[in-house]
């Protein structure tokens, strides 16, 4: 019954969202069971994808508006195409936890319990896979994370227990970064292949070169989470201490800092307008909020979204 309700809701969305044309909207995972769409001006779409089972991630492809959703409890990844009105399931991935789309070719890198798979743009085939040498045993849920660079198709992968690597479009390792203790706080790559990686628990944020060299190491930012890079210049926005937004230059110099929430769990920077989407698990009403901020700390608007965990705007310069 839940699947039938879900499909009906998806059909309603394809009718009401302009046939999937991407317009700078932000997609949000809420409470692990719903996915909401917020338009670029902050207006909420009246429909939602509901009755999910432990939704863990959502990403939108800015070139065509196709949305990818991970549902960890069902070992499922779904491809939703509003333009075609289609909703299909990709090959089974155990406990999927993170998604990174390459808008240049539509392929998708998906992190799961036992490694990372690269899925074809149509969602039907596994094109590459990266499995840790010691196999899937004793791997924690949500351990892996991914960030793909559309300029060359390479992908940075963290495994949550220390090792960090960059892989080419075929899944071959081409660079290794120094291990971190628990790089579970997120990662974000720029067009030159440099990557920012956060270790939330150990108050560490690093920037690595495409060859894995340490360019910046910050240990004075408390509880860093969800770094979101400006892909054009390598600067980064990151949440800190639960309530602050911090902007760092490519060399790690603090440029901006302001309070933007109560329990910030996700950040997404938009190079299109230089503004930042923020998912606040609690918000001022303690029910959850998604907001958008200027680089100078002005709150543009906010929506009451129950316990949001992901914000995805899907921007790239080709859009």
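Note on the chain: with a GNM built from Cα contacts shorter than 10 Å, the maximum mean-square fluctuation among 265, 214, 195 falls on 214.
What's the exposure ranking of 222, 180, 244, going from fewest to most Cβ atoms within 10 Å? Can you show the working numbers first?
On the way: 222 11, 180 22, 244 18.
Going from sparsest to densest Cβ surroundings: 222, 244, 180.
Between 163, 62, 46, the residue with the greatest mean-square fluctuation in the GNM of the chain (Cα pairs under 10 Å linked by springs) is 46.
Classification of region 266-319 by its C-alpha gyration tensor yields an oblate form. The axis ratio a/c (a ≥ b ≥ c) is 1.5 or more, and b/c is at least a/b.
Rank the residues 191, 167, 269 as a footprinting-exposure proxy: fewest other Cβ atoms within 10 Å of their Cβ go first. Don't jump to the answer; show the numbers that get you there.
Working: 191 17, 167 22, 269 25.
Ordered by Cβ neighbours within 10 Å, fewest first: 191, 167, 269.
Inter-part distance, region 218-241 to region 58-74, computed on C-alpha centroids, equals 24 Å.
Only helices enter the 222 nm calculation for the chain: every DSSP H run of n ≥ 4 contributes -39,500 (n - 2.57), and dividing by all residues gives -1500 deg cm²/dmol, rounded to 500. Annotation: the residues 281, 38, 208, sorted from fewest to most other C-beta atoms within 10 Å of their own C-beta, follow the order 281, 38, 208. Mind running the shape call on region 191-283? Use the C-alpha gyration tensor, a ≥ b ≥ c as the square roots of the eigenvalues: rounded below 1.5 for a/c, prolate if a/b tops b/c, oblate otherwise. Verdict is oblate for region 191-283. Taking every alpha-carbon pair under 8 Å whose residues sit at least 6 apart, the chain reaches a relative contact order of 12 percent.
The numbers here are math on the coordinates, done by the rules we state, and not lab data. Bear in mind the structure is a predicted one, so any value in this text is a computation, not a measurement. Every residue, glycine as well, gets a Cβ built from its backbone with ideal geometry; the counts of neighbours run over all protein chains shown.
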